[in-house]
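For reference, the structure discussed in these notes is given below.
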Amino acid sequence: MIDSHCHLSFKDLGEYSDKTINFVNNARAEGIKYMLDIATGKEYFDKTVAFAEKTTGVFSACGIHPCYVNDEFNKNFKKEDITQYLKSKKFIAVGETGLDYYHSLDYIELQKKYFHLHCEIAVENNLPIIIHSRNCFKETMEVLNQYKSQGIQGVIHCFSYSLKEAIEVINLGFYISFSGILTYKNSFDVVDAAKNIPLNKILIETDSPFLTPLQKKGEMNQPLFVKFIMEKLCEVRNISIEEGSKQIKDNFASLFKRTIFE
C-alpha cells in the first residue's frame, strides 16, 4: 500500500528523529511500503528532501501550505526555493499548495499569488501538483483551469467535496485522494464520490498526524493507518484489498512519474 500524503516533519511524528523512523518502519512492516512526505513551508524543505533520500520507501514534495503563506519563514517565496530539489531522485511533486477559506480569510491574495507560483513551477518542470482546497472549490478550480492548456496535472488531496465536484476535478485530468474522512459516519458526499468516480483516478492518504480514521479515533494518526482507508475504499467499491492496493500503486506511479519504487 501507499500513503500518498503525510507530514513526517511535524512534531507529533517525530520531526525526523528516531521516533519518525519507527513510524516509517512500523508502516512498512504492515505492508505500507511507500509514503509521500509533504513539506508545508520553507523551514522544512531541506529536512524533508534529505530524509526521503536516506529512507527507503519515502518520497518527498515541497510547497507552501495556504495557511502558512504569511509565516516569517515563507516570505519572499520564489520558484528556486522548490526547483533546487529537482536534483533529488526522491523529490517527486510540488505542494501542497492551494487555497483555504476555512481557517482564515486574512491572506487570500497572498494565497492566490503563491498558488499561481506553484502552478507555474509544476507546468514548467513537468511535475504534478498537490492541492489543498477547503471551503473554496470554485476559486480553486478557477486557478487550475488557467493552466489546463499547459498540461497541468495533480491531485486534490484530502477530498471533502461531493461527487459533482469530483467529476469536475477528473475532467480537468486530476486525481482525487481520500483521507480518514472517508471512514467518518456522516461523510455521505465523500463516500458517494469514492464509490462512483473511476478507480484509476483515486489515491488514498492519511494526512497524518491529522484526520485519524474512525477505527483509531482518539489516537494520533500515522502512515500505518492508511490501511483503514484502503479497507473502507474497497468496501464501498466492492473490490478486494489486493485489487485496490494494486490499482492505487499504479495510479500513484502514473501521476508521480519521477517515482522509482525500491
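The values are calculated or read from the model by the stated rules, or taken from the named source; none is laboratory data. All of these numbers come straight from a predicted model, not from anything done at the bench. In this analysis, Cβ positions are derived from the backbone assuming ideal geometry, glycine residues included, and neighbour counts consider all displayed protein chains.
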Is one or more of the residues making up region 220-232 surrounded by fewer than 24 Cβ atoms within 10 Å (Cβ to Cβ) and under 24 Å from Leu127 (Cα atoms)?
no
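Quick one: would you say Asp100 is touching a Pro at 6+ places or on another chain (Cβ under 8 Å) and surrounded by 16 or more Cβ atoms within 10 Å (Cβ to Cβ)?
Yes.
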Just the residues that are out of contact with any Phe, Trp or Tyr (no Cβ under 6 Å at 6 or more places or on another chain), basic (Lys, Arg) and touching a residue at least 24 places away in the same chain (Cβ under 8 Å), please, taken from region 1-49.
Arg28, Lys33
Exactly one condition in (1) part of a helix (DSSP H, G or I); (2) in contact with a strand residue (DSSP E or B) (Cβ under 8 Å, 6 or more places away or on another chain); (3) not small (Gly, Ala, Ser) is false for Glu165; which is it?
(2)
Residues of region 42-62 being buried (at least 16 other Cβ atoms within 10 Å of the Cβ), part of a loop (DSSP other than H, G, I, E, B) and either on the phi < 0 side of the Ramachandran plot or out of contact with any strand residue (DSSP E or B) (no Cβ under 9 Å at 6 or more places or on another chain) (or both), which ones?
Thr55
Among the residues of region 75-89, count how many are among the basic types (Lys, Arg) and either touching a residue at least 60 places away in the same chain (Cβ under 8 Å) or not in a loop (DSSP other than H, G, I, E, B) (or both).
2
Among Ser149, Ser160, Ser133, the single one that is free of Cβ contacts under 8 Å to residues at least 40 places away in the same chain, among the hydroxyl-bearing types (Ser, Thr, Tyr), surrounded by fewer than 22 Cβ atoms within 10 Å (Cβ to Cβ) and not in a loop (DSSP other than H, G, I, E, B) is Ser149
Please state which of the following conditions Glu72 fails to meet, knowing it meets all the rest: (1) touching a helix residue (DSSP H, G or I) at 6+ places or on another chain (Cβ under 7 Å); (2) over 20 Å from Val123 (Cα atoms); (3) modelled with pLDDT under 95.
(1)
Leading residue by the ranking (farthest from Thr259 (Cα to Cα)) among those in region 92-126 that are of a type in the set (A, V, I, L, M, F, W, C) and in a helix (DSSP H, G or I):
Ile108
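Looking at Thr206, Thr259, Thr212 in this structure, which one is touching a residue at least 60 places away in the same chain (Cβ under 8 Å), part of a loop (DSSP other than H, G, I, E, B) and over 23 Å from Asn126 (Cβ atoms)? Reasoning before the result, please.
On the way: Thr259 fails: over 23 Å from Asn126 (Cβ atoms); Thr212 fails: touching a residue at least 60 places away in the same chain (Cβ under 8 Å).
The match here is Thr206.
Determine which member of the set Ile181, Ile229 is touching a residue at least 24 places away in the same chain (Cβ under 8 Å), closer than 25 Å to Ile21 by Cα, in contact with a Leu (Cβ under 7 Å, 6 or more places away or on another chain) and in a helix (DSSP H, G or I). Break it down stepwise before answering.
Values: Ile181 fails: closer than 25 Å to Ile21 by Cα.
Just a single option satisfies the conditions, and that option is Ile229.
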